[in-house]
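Report on the structure given below.
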Number of protein chains: 2
Amino acid sequence: MKRCVLLVSALCTAFSFSSQGQEKTLQEKLGYPRDAKLLIVHADDLGVTHSVNAASIKALESGGINSASLMVPCPWFPEIADYAKSHPDADFGLHLTLTSERVYYRWGPAAPLDKVPSLVDANGYLHHDWSAETHIDPKDVETELRAQVAKALAMGVKPTHLDSHQNRLFQTNKELFEVILRVGHENQLPVLIPRGWFAEFPFLEKTITPNDVVIDQVITMEPGLAPEKWNDLYRDALNHLPPGVTEFVIHLAYADDEMKAATRERATWGAEWRQRDFDFFSSAAFQRLLRENNIHLITWREIGRVMNAKPEK
Amino acid sequence: MKRCVLLVSALCTAFSFSSQGQEKTLQEKLGYPRDAKLLIVHADDLGVTHSVNAASIKALESGGINSASLMVPCPWFPEIADYAKSHPDADFGLHLTLTSERVYYRWGPAAPLDKVPSLVDANGYLHHDWSAETHIDPKDVETELRAQVAKALAMGVKPTHLDSHQNRLFQTNKELFEVILRVGHENQLPVLIPRGWFAEFPFLEKTITPNDVVIDQVITMEPGLAPEKWNDLYRDALNHLPPGVTEFVIHLAYADDEMKAATRERATWGAEWRQRDFDFFSSAAFQRLLRENNIHLITWREIGRVMNAKPEK
């Protein structure tokens, strides 16, 4: 809870600084006034299990979320790719994936195993985790990201943005961030870059180009908050949302047999965690908080248009 | 129904012929009299989904099945490998897998994609199906089978036998059968070879060596039988089981959300099919039929001992 509150205030400061500059803010480029509160309600991890797909599709169709990203190497990717193909207006990005973080249910890379040796364990799965001893070769990362993008395109997905499972590509080092940025540029896709991460990961700000679109903040649930405080945190965040562009990064699933089994070794980002997210973002209370706080929903598709617009003369 | 009845009678003939020879029958080598009715109750496809794992473990622990085989390339293989590791007495074989036959939920090979090009489609999944145009290179099959065996061993599974998902390695051609037989010999593991298949696939009998153990028949549900006739077929098969060694090849799962979604494009071997198998083989009626017909359960572990026993002097 503390971490999240601190994060929000740090971002407010960052925002104030940027809003005093001469340049148009992102919300202005998106056609809103400078003090507009813009929100992307974004579900991660689509493709990982059927339960995640089913809950995320339900939330998308009922207005609980308006954006999501897909894990290409995961077993249920074909189900969500098929949905994406038949719903071309859905705001689906690629949740570029370099880990297989569960114990009883796992997946390998999209690239051939022998082409990405530093990313896989002895059994051919993407690493469960990266320790200080894990040497991740940025060349392997580039090979794998290209394979994930190519596979998504081949299966009919037209992504609107790129982000990174477990933020590995954003919060590890400059070299890995350069890879996702390069893949984003080549595909003319915006990459999730929140100003709120710059203080902790200074290489982000040093690496981006003037063409990259920077949003203001990400708000996401972190481990440690008691389940009964869950809704309070989201309510407080919405009641105190600063002007600018915020992304809520949430994780949806049903707490059903599949999801409980897939995540049973730890509660963090587990079945109940995801059911709580689903319950809050599917609630009338969430919709009411959006209205009461005059929060406007935007998607990555619109941010992509800003990124790819020709500069004004 | 017709096909199954015909199959059973063809096998009775085959059995009669073999039982009149001078050599010891398999049931005698296993320590039973020549007229003993021996049965392996074998679940296929463990590892494919959590639902299959959960239902199969339940049936194994309650005596509904006494043997099973595992699909190494599938996403839930780690769950069943973990169970196998902690239950070293369970009679688990490897269900060597060359296809990924579903639509919304899929998997790739255990070997690197670029080492088994004839086995995978453009998206890196094992082929959905093999058509007349699919050229399956036996060298790729050998690479993939070795990778599956190596991965199972590395993850702590000590298999008791080998069989083949969708019978691809038994019912395609001599070259593919030679590969599974070779891998079986090298690992001193018995391979599922039922005499009942010899008439339709003559290369089987021509390829086996004197060391291979041949069982009498496989009984398995085929598409086309009305659900309400399901139990009748199994009951009739048990009431008319011939002496010799029979394997019931069954497919267990719960008809839950995961399984329904994973198999929703067709009913054959789907969620309801597997729930019906689970219900029959978990029933008191099945146990009663075993007793009433004086049917003894055996496992592949015992067959392996026969295969690897030194010849009598």
Which far-off residues, 5 or more places away or on another chain, put their amide H under 5 Å from the one on A:Val191, with H placed in the peptide plane?
A:Leu162, A:Val213
Carbon-plus-sulfur fraction of the accessible area of chain B, 1.4 Å probe, in percent?
53 percent
Whole-number Å³ per residue for the convex hull built on Cα positions in chain B:
131 Å³
With just the Cα atoms defining each centre, how far is the stretch A:269-313 from the stretch A:76-99? Give it in Å.
17 Å
Counted charge near A:Thr207, where neighbours are those whose Cβ lies closer than 13 Å (Asp, Glu -1; Lys, Arg +1)
-1
Using the membrane-span-like helix rule (whole DSSP H runs, Cα extent along the own axis of at least 27 Å, mean Kyte-Doolittle hydropathy at least 0.0), which helices of chain A qualify?
none
With N set to the residue count of the stretch A:158-243, report its C-alpha Rg divided by 2.2 N^0.38 Å to two decimal places.
1.25
Give the residue list of GluC sites (Glu not before Pro) in the stretch A:142-205 that are DSSP loop and have at most 10 other beta-carbon atoms within 10 angstrom.
A:Glu200
Cα point-scatterer Debye curve for the stretch B:214-313, base-10 log of I(q)/I(0) at q = 0.23 Å⁻¹
-1.24
Whole-angstrom Cα spans of the stretch B:171-217 along principal axes, big to small
27, 22, 14
Relative contact order, percent, of the stretch A:195-313 when contacts are C-alpha pairs under 8 Å separated by at least 6 residues?
24 percent
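Given just the C-alpha atoms of the protein assembly as shown, how large is their convex hull per residue in cubic angstrom?
Values: hull volume 101.2 nm³, N = 626.
Dividing the Cα hull volume of the protein assembly as shown by its residue count gives 162 Å³.
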When each pair of different Cα atoms in the stretch B:144-295 is counted once in the 1/r mean, what is the Kirkwood radius in angstroms, to one decimal?
17.5 Å
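Percent relative contact order of chain B, based on C-alpha pairs within less than 8 angstrom and at least six residues apart?
On the way: 547 pairs, mean separation 81.9, N = 313.
26 percent.
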Distances in nm between the label point of A:Asn294 (7 Å along Cα→Cβ) and its equivalents in the other copies, shortest first, are 9.0
Evaluated at 4 °C with a viscosity of 1.567 mPa s, what Stokes-Einstein diffusion coefficient in µm²/s does the stretch A:222-274 have when Rh comes from the Kirkwood expression over alpha-carbon pairs?
102 µm²/s
Choice from B:Asp163, B:Asp45, B:Asp232 showing the highest fluctuation, given a GNM over chain B with Cα pairs closer than 10 Å:
B:Asp232
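Under the definition of partner shielding as Cβ atoms of other protein chains within 10 Å of a residue Cβ, what is the mean value for peptide B:87-100?
Numbers: counts 0, 0, 0, 0, 0, 0, 0, 0, 0, 0, 0, 0, 0, 2.
What the average comes to for B:87-100 is 0.
If Lys and Arg each add +1 and Asp and Glu each add -1, what is the summed charge of the other residues whose beta carbon sits under 15 Å from the beta carbon of A:His127? If you can, show how the numbers build up before the last one.
Numbers: positive: A:Arg102, A:Arg106, A:Arg168; negative: A:Glu101, A:Asp121, A:Asp129, A:Glu133, A:Asp137, A:Asp140, A:Glu144.
Charge balance in the 15 Å sphere: -4.
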Convex hull volume of the stretch A:45-142 per residue (C-alpha atoms, cubic angstrom)
112 Å³
What is the Rg over Rh value, at two decimals, for the stretch A:109-189, using alpha-carbon atoms and the Kirkwood definition of Rh?
0.95
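May I ask you to list the trypsin sites (Lys or Arg not before Pro) in the stretch B:258-291 that are in a DSSP loop and have at most 16 other Cβ atoms within 10 Å of their Cβ? Present the calculation step by step, with values, prior to reporting the outcome.
Values: sites: B:Lys260, B:Arg264, B:Arg266, B:Arg274, B:Arg276, B:Arg288, B:Arg291; in loops: B:Arg264, B:Arg266.
Answer in residue order: B:Arg264, B:Arg266.
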How much accessible area per residue does the protein assembly as shown have, in Å², with a 1.4 Å probe?
42 Å²
Listed by chain and number, the residues whose amide H is under 5 Å from that of B:Ser67, excluding neighbours fewer than 5 places away on the same chain and using placed H, are B:Val41, B:Ala43
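Once you've got the Cα coordinates, tell me which of A:Lys85/B:Lys260; A:Lys151/B:Lys260; B:Lys151/B:Lys206; A:Lys174/A:Lys260 are over 24 Å apart.
Working: A:Lys85/B:Lys260 21 Å; A:Lys151/B:Lys260 26 Å; B:Lys151/B:Lys206 31 Å; A:Lys174/A:Lys260 36 Å.
Check vs 24 Å cut-off fails for A:Lys151/B:Lys260; B:Lys151/B:Lys206; A:Lys174/A:Lys260.
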Enter the mean number of other protein chain beta carbons within 10 Å of the beta carbon of each residue in A:101-113, as an integer.
6
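Would you mind telling me the antiparallel percentage of the DSSP bridges in chain A, rounded to 5? Don't skip to the answer; put the middle values down first.
Values: 1 of 26 bridges.
Taking every DSSP beta bridge with both residues in chain A, the antiparallel ones total about 5 percent.
Filter the GluC sites (Glu not before Pro) in the stretch A:240-283 to those in DSSP coil with at most 15 other Cβ atoms within 10 Å of their Cβ, and list the result.
Working: sites: A:Glu247, A:Glu258, A:Glu265, A:Glu272; in loops: A:Glu265.
Here the GluC sites (Glu not before Pro) that fit, given the DSSP loop and packing criteria, are A:Glu265.
Over the stretch A:260-303, what number does the Rg to Rh ratio reach, with both radii from the alpha-carbon atoms and Rh per Kirkwood?
Rg/Rh: 1.17.
Could you tell me the relative contact order of the stretch B:73-127? Use alpha-carbon pairs under 8 Å, at least six residues apart, and round to a whole percent. It would help to have the intermediate numbers written out before the result.
On the way: 42 pairs, mean separation 18.9, N = 55.
Here the relative contact order equals 34 percent.
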Connecting C-alpha atoms closer than 10 Å in a GNM of chain B, tell me which of B:Gly196, B:Gly124, B:Gly108 has the biggest fluctuation.
B:Gly124
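The values are calculated or read from the model by the stated rules, or taken from the named source; none is laboratory data. Please read all numbers here as calculations on a predicted model, not as lab measurements. With ideal geometry, Cβ positions are generated from the backbone for all residues, glycine too; neighbour counts draw on all protein chains shown. Surface accessibility is based on the protein's heavy atoms, side chains included, excluding ligands, DNA and RNA. Shrake-Rupley method; radii C 1.70, N 1.55, O 1.52, S 1.80 Å.
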